[in-house]
Amino acid sequence: MKITILGGGSWGTTLGVLLSDKNNINIWEYNKDLSINMQKDRENKLFLPGIKFNDKIHVTNDLKQAVDGSTLIVFAVPSFSLRTLCDNVKDFINKDMLLVTVIKGIEDNTFYRMSQIIDEIIPEKRGIVALSGPTHAEEVSRNIPTTIVSANNNLKLAEEIQKIFMRKYFRVYTNEDIIGVELCGATKNVIAIIAGICDGIGFGDNTKAAIITRGMAEMIRLGKKAGANEKTYSGLAGMGDLIVTCHSKHSRNRYVGEQLGKGKKINQIIQTMSMIAEGVKNCKSIHHYSLKLNVEMPLTSSLYNILYANGDLKESIKMLLERKERYEHWE
């Protein structure tokens, strides 16, 4: 089949390489110079160096050309650029196309999940499946065993994507809770930044274990208020993705937190990064969403104050530790 990947970053490129063993792949990259170099070099030297393309992969900067004739469209751009991309590509999508989002984020102001943005702007499609889990591109691209979740309220659509993406080293599970799967992917990045702060300051395993555990409690509280299934948070999209993002050397969000913990300012950190750390922008949207739903998220709120309200890092830690004693609960 012909498959289009919208987004030539590390994850979009990795999925293109993964699927190209059996399919013809078009990768659309918004940066024209990068798209030309990827097509010429047969490699994404900027975001995924060392991973060569086979002859079934074509890279283009032309949206219409990228989408034309495809039956499966994968959205793999940063969350903040998805709405613009949908506006630009909607006229090229038809009712026979199945859409997949691998983007982890929540839109500020609307608080839409990524599938909701696509659904609002692109009425013509077979459906939208969310694909999410503990999947660093650096490892998947090298065929390191990985698992992921394919989610849609219509299980048949999730199973269709499961069959297309399943490989010997890439195991795909299905889930009908698309709300939970998408919210897990967005909220875990915020907790990962906080875990990185612990690394940067020099705190130990005890501290990080506490951050991961209490961070999961925040994630569940928000998810339940938004209509997610609590059990999803015990799975790959929840605990699995949270663990890898909080610990991995590949995690951009953990790296941002580590640099914050070492005393650097957020603007300074972002300027040195070629890739996007979704948790920085999503901290704002998730914090605002928690206020709207009246959900207590002390870790997220503390990070929001550090990133967006000039909050002092050491004072934020002190306030977290000195909160009133309470019973451990997840409600």
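Nothing in this text is a laboratory measurement; each read-out follows from the coordinates by a stated rule. These numbers come from a predicted model, not from an experiment. Cβ atoms come from the backbone with ideal geometry, glycine included; neighbour counts cover every protein chain shown.
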Please report, in whole Å, how far the alpha carbons of the stretch 179-321 spread along each principal axis, starting with the longest.
38, 31, 28
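Tell me the relative contact order for the chain as a rounded percent, counting alpha carbon contacts under 8 Å between residues six or more apart. Mind dumping the intermediate values first?
Values: 639 pairs, mean separation 47.2, N = 331.
Answer for the chain is 14 percent.
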Near Lys40, which lysines are there with a Cα under 19 Å away, not counting those fewer than 8 places off in the same chain?
Lys32, Lys52, Lys56
Taking the Cα centre of the chain as the origin and placing charges on Cβ (Lys, Arg +1; Asp, Glu -1), which of Ala66, Asn109, Gly240 is farthest toward the positive end of the dipole?
Gly240
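May I ask you to list, by number, the DSSP H helices of the chain whose Cα span along the axis is at least 30 Å and whose average Kyte-Doolittle hydropathy reaches -0.5 or more? List each step's numbers first, then the result.
Values: long enough: 178-201 (36 Å, 1.56); 205-226 (31 Å, -0.23).
Length and hydropathy pass: 178-201, 205-226.
Trypsin sites (Lys or Arg not before Pro) within the stretch 144-177: which are DSSP loop residues with at most 14 other Cβ atoms inside 10 Å?
Details: sites: Lys156, Lys163, Arg167, Lys168, Arg171; in loops: Lys168.
Here the trypsin sites (Lys or Arg not before Pro) that fit, given the DSSP loop and packing criteria, are Lys168.
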Quick one: what Rg and Dmax do you get for the stretch 33-192 from the alpha carbons, in Å?
15.8, 43
Mean Cα-pair separation over length for the stretch 261-331, i.e. relative contact order, pairs under 8 Å, 6 or more apart, %:
25 percent
Mind checking which of Thr213, Gln271, Ser290 is farthest towards the positive end of the stretch 179-321's charge dipole, using Cβ charges of +1 (Lys, Arg) and -1 (Asp, Glu) about the Cα centre?
Gln271
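Fewest first, what order do His250, His58 take by the number of other Cβ atoms within 10 Å? The partial results should precede the final answer.
Details: His250 14, His58 19.
Fewest-to-most ranking of His250, His58: His250, His58.
Could you tell me which chymotrypsin sites (Phe, Trp or Tyr not before Pro) in the stretch 241-331 are loop residues by DSSP with no more than 15 other beta carbons within 10 angstrom of their beta carbon? Present the calculation step by step, with values, prior to reporting the outcome.
Details: sites: Tyr255, Tyr289, Tyr304, Tyr308, Tyr327, Trp330; in loops: Tyr327, Trp330.
Answer in residue order: Tyr327, Trp330.
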With charges only on Cβ, +1 for K and R and -1 for D and E, what is the dipole size of the stretch 179-321 about its Cα centre, in debye, rounded to 20?
140 debye
Dipole size in debye (nearest 20) for the stretch 2-176 around its Cα centre, Lys and Arg Cβ +1, Asp and Glu Cβ -1?
540 debye
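Taking a ≥ b ≥ c as the square roots of the Cα gyration tensor eigenvalues, with a/c under 1.5 meaning rounded and otherwise prolate when a/b beats b/c, else oblate, which class fits the stretch 142-210? Please list the in-between numbers first.
Working: a/c = 4.06, a/b = 1.93, b/c = 2.10.
In terms of gyration-tensor shape, oblate.
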Once you sort the root eigenvalues of the Cα gyration tensor of the chain as a ≥ b ≥ c, which label holds: rounded (a/c under 1.5), prolate (a/b larger than b/c) or oblate (the other case)?
prolate
Given Ile161, Ala192, Gln259, which one lies farthest toward the positive end of the charge dipole of the chain, if we put +1 on the Cβ of every Lys and Arg and -1 on the Cβ of every Asp and Glu?
Gln259
Run through the stretch 90-136 and list the GluC sites (Glu not before Pro) located in a DSSP loop whose Cβ has at most 13 other Cβ atoms within 10 Å.
Glu124
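Counting only other residues whose beta carbon sits under 14 Å from that of Asp91, what net charge do I get with K and R as +1, D and E as -1?
0
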Can you give the relative contact order of the stretch 1-109 as a percent, counting alpha carbon pairs under 8 Å and 6+ residues apart?
30 percent
Structure shown: which of Lys22/Lys125; Lys249/Lys324; Lys284/Lys314; Lys168/Lys225; Lys64/Lys95 lie over 25 Å apart, alpha-carbon to alpha-carbon?
Lys249/Lys324; Lys168/Lys225
One would report the antiparallel percent of DSSP beta bridges in the chain, rounded to the nearest 5, as 20 percent
Could you size up the charge dipole of the chain around its Cα centre, putting +1 on the beta carbon of Lys and Arg and -1 on that of Asp and Glu, and report it in debye to the nearest 20?
420 debye
Using Cβ contacts closer than 10 Å as the measure, can you line up Thr272, Thr213, Thr187 from fewest to most?
Thr272, Thr213, Thr187
